[in-house]
1. Using a 1.4 Å probe and counting only protein heavy atoms, arrange 87, 76 so the residue with the most accessible area comes first.
2. Over 21 Å, how big is the tail of the calculated P(r) for the chain, in percent of all Cα pairs?
3. Using +1 at the Cβ of each Lys and Arg and -1 at the Cβ of each Asp and Glu in the chain, identify which of 83, 53, 64 lies farthest towards the dipole's positive end.
4. For residue 65 and residue 7, what is the calculated FRET efficiency with R₀ set at 25 Å and r taken between the beta-carbons, to the nearest 0.05?
5. Rounded to the nearest whole Å², what accessible area per residue is found for the chain with the 1.4 Å probe?
6. Hey, any idea what % of the chain's accessible area is carbon plus sulfur with a 1.4 Å probe?
7. Checking the cross-link filter: which aspartates and glutamates have an alpha carbon closer than 17 Å to that of residue 76, excluding same-chain neighbours under 8 positions apart?
8. Please compute, for the alpha-carbon atoms of the stretch 57-107, the extent along each of the three principal axes and give them in descending order in Å.
Amino acid sequence: QVQLVESGGGLVQPGGSLRLSCAASGLRFRLYTVGWFRQVPGKGSDFVASKDYRDGRTKYADSVTGRFTISRDNDKNTAYLEMNNLKPEDTAVYYCAISGRSRPSDSSDYPYWGQGTQVTVSS
């Protein structure tokens, strides 16, 4: 059974940093592209970042480019999202997801999702 468990969310002041983790089990993690998405109440999930399993290519939403970094440790079956210079508009539930596709185009290409972790940016 595939399971993704996020951790590392919390309350942080504007300008602060957080590192989210996503621990995967039940699959050969190194063969899956990892994505991070976020969602605020009343809206659909928005793409944040992804890291391709085949060539390691990373992709970011324009709103987080230069502030967020996605990485993965295949030996630990874990993905990370380093978030710096956080802004109030980054407040959301963050989800990790995995796809068996190289360069998935949108959230529908990710069949497996974690339960999410809340990130709140507020003074």
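The values are calculated or read from the model by the stated rules, or taken from the named source; none is laboratory data. Values in this document were obtained by computation on a predicted structure and should not be read as measured data. Ideal geometry is used to build each Cβ from the backbone, glycine not excepted, and the neighbour counts take in all protein chains shown. All accessible areas refer to the heavy atoms of the entire protein, side chains included, with ligands and DNA or RNA removed. Shrake-Rupley method; radii C 1.70, N 1.55, O 1.52, S 1.80 Å.
1. In descending accessible area the options line up as 76, 87.
2. That fraction is 31 percent.
3. 53
4. 0.55
5. Details: 6370 Å² over 123 residues.
It amounts to 52 Å² per residue over the chain.
6. Ligands and nucleic acids excluded, carbon and sulfur give 43 percent.
7. Once the sequence-local aspartates and glutamates are set aside, what remains near residue 76 is 6, 52.
8. Largest to smallest, the principal-axis extents are 32, 25, 20 Å.
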